[in-house]
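> Please see the structure below; I have some questions.
The values are calculated or read from the model by the stated rules, or taken from the named source; none is laboratory data. Predicted, not measured: the structure shown is a model, and the values here were computed from it. Because the Cβ atoms are built from the backbone with ideal geometry, glycine has one as well, and the counts that use them run over all protein chains shown.
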Amino acid sequence: MKLLSLGMLLLAVVCSPLVNAQRIKDVASIQGVRANQLVGYGLVVGLPGTGEQSPFTEQSFRTMLSNFGISLDSNVKPKIKNVAAVAVHAELPPFAKPGQTIDVTVSSVGEASSLQGGTLLQTFLKGVDGKVYAVAQGSLIVSGFGAEGNDGSRIVVNTPTVGRIPNGALVEQTVPSGFANGDSLTLNLHYPDFSTAKRLADTINEKLGAQPDQGYSIATPLDAASVRVTAPRDVGQRVGFLATLENFQFEPADAPARVVINSRTGTIVIGQDVRLLPAAITHGGLTVTISENQQVSQPNALADGDTVVTTQSIIDVDLADSRMFKFEPGVTLDQLVRAVNEVGAAPGDLMAILEALRQAGALRGELVII
């Protein structure tokens, strides 16, 4: 009974998921399997006087009437304040089939003040190749609204000139896909990394019983972003193969040491592997000092051991009012940020300090400003 319990414990340890493991489907996509953008131009009718009287709207209105066999004299200028010219766009998901529906977004392109209460007439949605892949039509859902007084004062909530039509377009034809072609598929990582690509290929080979060292390999890393995987030619088998493959878990490599700064909002994000080298910084009335001290550690006379040299890192942050903070060994950029925040420095001051550290070569990590 004890042996059985020990065996079950070992099995649980072996089968337990990795701490930072992720599924392949969450970190990579299949090359060629992607969505496609569609766009079209149409008319929204039925507006409560919030439309427009622009030349291109009038021309579109005349063209629509002519398609129904109605012609207007060129000297007649219709009043069409309940009509608005709009741009319609949508995203056609991969493998979408004729007869399925997709959501569309409708945006005013003229002087219409609101699309609230309008209905989009039949609009062709074309791809980058100029072919029609979907047809949109339906009543708009607009979350915003606007109101205007006789004295010209006006209030607008959200955006009344943009609306959506859920399931507002019918797919007319399928976009060709290379999913079923060839003997292999290519997995593209969302964040290219050579170590991650190698680990991904090793995981697939290990799970599927391949032995690359003996010349039998199923997955081969092509570069930092792509891994080629041998797949069945039969489409049904290929779907089942990918259904199993995309749920394999592996541990991606650590992200590069990086500091990301949003200069507009003052947001600063620091990677866990960012480190600082010894440096001294003075910024206005703020002084930051980073130092490293060598210490010798010796064992007791009666104990076995070796004499080693250890490094003690200290950060001192000093302001004019003599406030100071001291840190134990293991200095990271995160500690520096906390120290600067404690003395009340603004985000702009911290950004200037980080930039100065990078220029001085004391910041071990990439500084990205967005």
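> What number of residues within segment 52-93 are at pLDDT below 90 and small (Gly, Ala, Ser)?
Qualifying residue count for the region: 6.
> Please count how many residues of segment 353-366 are crowded, with 16+ Cβ neighbours inside 10 Å and either part of a helix (DSSP H, G or I) or not assigned by TED's automatic domain parsing to the domain that holds Val269 (or both).
4
> What are the pairs with Cβ atoms under 8 angstrom where one residue, in segment 247-261, is at pLDDT below 85 and the other, located anywhere, is aromatic (Phe, Trp, Tyr)? Sequence gap at least six, or different chains.
Going by the 8 Å Cβ cut-off, the qualifying pairs are Ala255/Tyr191.
> Suppose we keep only residues that are β-branched (Val, Ile, Thr) and touching a residue at least 40 places away in the same chain (Cβ under 8 Å) within segment 198-240. Which one would you say is farthest from Asn181 (Cα to Cα)?
Thr203
> Please give the number of the condition Ala134 fails out of (1) modelled with pLDDT of 90 or more; (2) in a strand (DSSP E or B); (3) surrounded by fewer than 16 Cβ atoms within 10 Å (Cβ to Cβ); (4) hydrophobic (A, V, I, L, M, F, W, C).
The single condition Ala134 does not satisfy is (3).
> Looking at Val104 and the list (1) assigned to a strand (DSSP E or B); (2) over 22 Å from Val45 (Cα atoms), which single condition is not satisfied?
(2)
> Continuing with the same structure: When the residues of segment 119-131 are filtered to those that are touching a residue at least 60 places away in the same chain (Cβ under 8 Å) and farther than 15 Å from Phe61 by Cα, which remaining residue is surrounded by the fewest Cβ atoms within 10 Å (Cβ to Cβ)?
Val128
> Which of the numbered conditions does Thr105 fail, given that it passes all the others? Conditions: (1) surrounded by fewer than 18 Cβ atoms within 10 Å (Cβ to Cβ); (2) under 30 Å from Pro221 (Cβ atoms).
Single failed check for Thr105: (2).
> Oh, and also: Out of the residues in segment 50-101 meeting the condition of being basic (Lys, Arg) and outside any helix (DSSP H, G or I), tell me which one is nearest to Ser114 (Cα to Cα).
Per the criteria, the residue is Lys81.
> If you don't mind, there's one more thing I want to ask. Quick check on segment 200-210. Is at least one of its residues outside the structural domain of Leu363 (by TED's automatic domain parsing), assigned to a helix (DSSP H, G or I) and under 23 Å from the mean Cα position of the chain (by Cα)?
Yes, segment 200-210 contains at least one residue that is outside the structural domain of Leu363 (by TED's automatic domain parsing), assigned to a helix (DSSP H, G or I) and under 23 Å from the mean Cα position of the chain (by Cα).
> In segment 157-197, what residues are surrounded by 14 or more Cβ atoms within 10 Å (Cβ to Cβ) and free of Cβ contacts under 8 Å to residues at least 24 places away in the same chain?
Thr159
> Could you please give the count of residues in segment 1-49 that are at pLDDT 85 or above and either among the aromatic types (Phe, Trp, Tyr) or assigned to a loop (DSSP other than H, G, I, E, B) (or both)?
The number of residues fulfilling the criteria is 11.
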